[in-house]
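*Asks:* First the structure, then my questions, so here it is.
The values are calculated or read from the model by the stated rules, or taken from the named source; none is laboratory data. Being a predicted model, the structure only gives us computed values, none of them experimental. Note that each Cβ is placed from the backbone with ideal geometry, even for glycine, and that neighbours are counted across all protein chains shown.
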Amino acid sequence: MRLDNKLLRDVMTRGVVTVPMCATAKNITGMLSKQGLSAVAVVGPDGEAMGIISDMDILKVIGKENWENMTAETIMTSHVETAKPTSTLGEAARIMKEKHIHRLLIFSERGVGASQRPIGILSASDIVREAARA
């Protein structure tokens, strides 16, 4: 199987775990740990994606004064790379390599549902797993 033959919608993790912008670092670390996640999407009051917090973002603040009470809004990476569910794994791999990132939020196609609400997430390990199956 070539990566350009597989669509993100067939591989992505559906049901993105989200946190509000006011969530604390302590709450987020607990969520990541309990649910075995490496990232969560940060959403505004309307459910629109505002950023992403990865385990690496948490590592950057651990040990800082009062880190447990830092909010998602201050910790998050606000520039989030996105893709459509009809993009291919090859396209996703190219974006991740070029941008030096480990995950993409997947948004619905324009005009189908709320276009700024994540419907899935794809990690670099998802791509590696699919490449191993080839």
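*Asks:* Here is a list: V128, V112. Which entry is of a type in the set (V, I, T), at pLDDT 90 or above and over 20 Å from V40 (Cβ atoms)?
*Replies:* When all the criteria are applied, what remains is V128.
*Asks:* While we're looking at this one, here's another question. Considering only the range 92-107, how many residues are part of a helix (DSSP H, G or I) and surrounded by fewer than 17 Cβ atoms within 10 Å (Cβ to Cβ)?
*Replies:* 5
*Asks:* Additional query: Can you tell me which residue is surrounded by the fewest Cβ atoms within 10 Å (Cβ to Cβ) among those in the range 71-91 that are touching a Leu at 6+ places or on another chain (Cβ under 7 Å) and in contact (Cβ under 8 Å) with a residue 40 or more places away in the chain?
*Replies:* Going through the qualifying residues, I end up with T86.
*Asks:* Here's another thing I want to ask about it. Please enumerate the residues belonging to the range 92-103 that are closer than 20 Å to D57 by Cα, in contact with a helix residue (DSSP H, G or I) (Cβ under 6 Å, 6 or more places away or on another chain) and in contact (Cβ under 8 Å) with a residue 40 or more places away in the chain.
*Replies:* H102
*Asks:* Now, a different point. In the range 1-70, which strands (runs of 3 or more DSSP E) lie fully inside it and hold 3 or more residues that are buried (at least 18 other Cβ atoms within 10 Å of the Cβ) and in contact (Cβ under 8 Å) with a residue 24 or more places away in the chain?
*Replies:* So the answer is 39-43, 49-54.
Yes/no per residue for (1) among the charged types (D, E, K, R); (2) closer than 23 Å to K6 by Cα:
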{"position": "E48", "(1), (2)": "yes, no"}
{"position": "G51", "(1), (2)": "no, no"}
{"position": "A124", "(1), (2)": "no, yes"}
{"position": "I127", "(1), (2)": "no, yes"}
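*Asks:* Given the condition more than 18 Å from D10 (Cβ to Cβ), modelled with pLDDT of 95 or more and more than 16 Å from the chain's Cα centre (by Cα), answer yes or no: does some residue in the range 98-105 qualify?
*Replies:* Yes.
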